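The values are calculated or read from the model by the stated rules, or taken from the named source; none is laboratory data. This is a predicted model, so every value here is computed, not measured. Cβ atoms come from the backbone with ideal geometry, glycine included; neighbour counts cover every protein chain shown.
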Amino acid sequence: MLSTVSLIDPTTLNPSFSGPENARIGRPAVIVTRADQQLAVEQFQALLTSAKAYRLQMLALSKAAASFGYALEKIAHSKVSVMDPSNVCKDPLL
C-alpha cells in the first residue's frame, strides 16, 4: 500500500473568504470554512497518492517494454532468423 505524505498541516488552516465581493450585501460571495479546506487537503493528498501509483506503474511498464524489445532484438539477430530460406516469405503482401 502506498503511503500518503501530508504536505499541508490541516491544523494550521484558518477560515477565509474568497471570491468576488458582493457589494450590495457587503458579504463575500463564497465562504471557505475549515471543513472546506480540510476536504481540499484530503483531495490533493489523494491526487498525490494516485500520481505516485501512476508513476510507479509507468516505470514498471517502461521496464517491461524495454525487456520485450531486447528479447525481440536478440531473436532478430540470432542465427536461426538470419537468411534461413524456410523463414523467407514468398508472398510480398504477407
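The table below gives the values:
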item	result
Options SER50, SER62; residue that is exposed (fewer than 12 other Cβ atoms within 10 Å of the Cβ), outside any loop (DSSP other than H, G, I, E, B), within 13 Å of the chain's Cα centre (by Cα) and polar (S, T, N, Q)	SER50
Qualifying residue in region 46-65 (condition: hydrophobic (A, V, I, L, M, F, W, C) and modelled with pLDDT under 85)	no
Residue match in region 78-87 (condition: part of a helix (DSSP H, G or I), at pLDDT 90 or above and among the hydroxyl-bearing types (Ser, Thr, Tyr))	no
